[in-house]
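The next block holds one structure in the form of structure tokens; read it before the comments.
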Amino acid sequence: MNDFLYNPPTEPWLDTIYKDKDIIVFNKPAGILSVPGRDIERHDSMYSRLLALHPDSHTVHRLDLATSGVIIFALRKDAERALKVQFQDRETKKTYYARVFGHIKDEQGCIDFPLIKDTDNPPKHKIDLEAGKLCKTFYEVVSYGEQSTLVKLMPVTGRTHQLRLHMMAIGHPILGDDFYAGPIALALSPRLLLHASKISIQHPYTKKTVCFKTDVPFITAVNGQ
């Protein structure tokens, strides 16, 4: 990963799904950070682009660099506080889709391997049955490709790399995962095939449940696989 060249997509600059006085919701493309990195070369991010338009905006959650899909920011401090509580208390409902290597045998199930930082290989994480933090992911098989499975993922917790590690743990790494996939699964896609398709929250002002959705860009099998 030391040779990684950060070159985030610029078209569209910000793909806005929804906006009101309290929140703004984007469809994040793969390949851009949610928040700025530590060095100047990685300053460009969804949040830094938003700050240029709304200097008083705030982050409430993140998506991995390689993950695409729905991401929510707060435009007011009160909205930030309310939304962060929802994410921390697991009151939000999130749905992801992934295309993974091989055919998952069970059509649905739950994965609950605990995770911890891999201090020997940052920024990776790893499964640790003794010291790891509680993690839970429900899954449902959607369809099969020749060498892959399209799977719907519903995480209960929101640990770093949770979905990537949980799929690897059951023998089906996500295609294009340059952290955890083997060479064959990595070679089957030029990007990580993980997409945050839907998030439901309680609106911080109206208190009503609102749901934001985006289309899955890899709904069909990659190269027939």
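A few notes on this one:
- Partner aspartates and glutamates whose Cα lies under 17 Å from the Cα of K105, excluding those fewer than 8 positions away in the same chain, are identified as E140, E146.
- Among D78, D112, D177, the largest mean-square fluctuation in a Gaussian network model of the chain, built with springs joining Cα atoms closer than 10 Å, belongs to D78.
- Probing with 1.4 Å while keeping every protein chain in the model, the per residue accessible area of the chain equals 54 Å².
- Ranking H43, G31, I201 by how far each Cα lies toward the positive end of the dipole of the chain (charges on Cβ) leaves I201 at the top.
- Averaged over residues, the count of other Cβ atoms within 10 Å places the peptides 85-91, 137-143 in the sequence 137-143, 85-91, highest first.
- Taking amide H as placed 1.01 Å from N in the peptide plane, I17 has its amide H under 5 Å from the amide H of V25, F26, N27, each at least 5 places away in sequence or on another chain.
- Dipole magnitude of region 146-211 about its Cα centre (Cβ charges: Lys, Arg +1; Asp, Glu -1), debye to nearest 20: 460
- In the chain, the calculated helix contribution to ellipticity at 222 nm averages -4000 deg cm²/dmol per residue, counting -39,500 (n - 2.57) for every DSSP H run with n ≥ 4.
- When the convex hull of its Cα atoms is viewed from all sides, region 1-57 shows a mean projected area of 4.4 nm².
- Unit charges at the beta carbon, dipole of the chain: most positive-side option, G132, I174, P8: G132
- Global form of region 42-133, assessed from the alpha-carbon gyration tensor, a/c cut-off 1.5: prolate
- Whole-percent carbon and sulfur share, accessible surface of region 41-131, 1.4 Å: 47
- Anisotropy class assigned to region 116-225 is oblate, per the alpha carbon gyration tensor with a/c at or over the 1.5 cut-off and a/b no larger than b/c.
- Phi angles of region 189-200 translate, via the Karplus equation with coefficients 6.51, -1.76, 1.60 and θ = phi - 60°, into HN-Hα couplings of 8, x, 9, 5, 8, 9, 9, 7, 7, 8, 9, 10 Hz per residue; Gly and Pro are given as x.
- Think of each Lys and Arg Cβ as +1 and each Asp and Glu Cβ as -1; about the Cα centre, that makes the dipole of the chain roughly 720 debye.
- Most to least packed among 52-65, 184-197 [average Cβ atoms within 10 Å]: 184-197, 52-65
The values are calculated or read from the model by the stated rules, or taken from the named source; none is laboratory data. Please read these numbers as outputs of a predicted model, since none were measured by experiment. All Cβ positions, even for glycine, are placed from backbone atoms using ideal geometry, and neighbour counts span all protein chains on display. Protein only, heavy atoms only, side chains kept; ligands, DNA and RNA dropped before computing areas. Shrake-Rupley method; radii C 1.70, N 1.55, O 1.52, S 1.80 Å.
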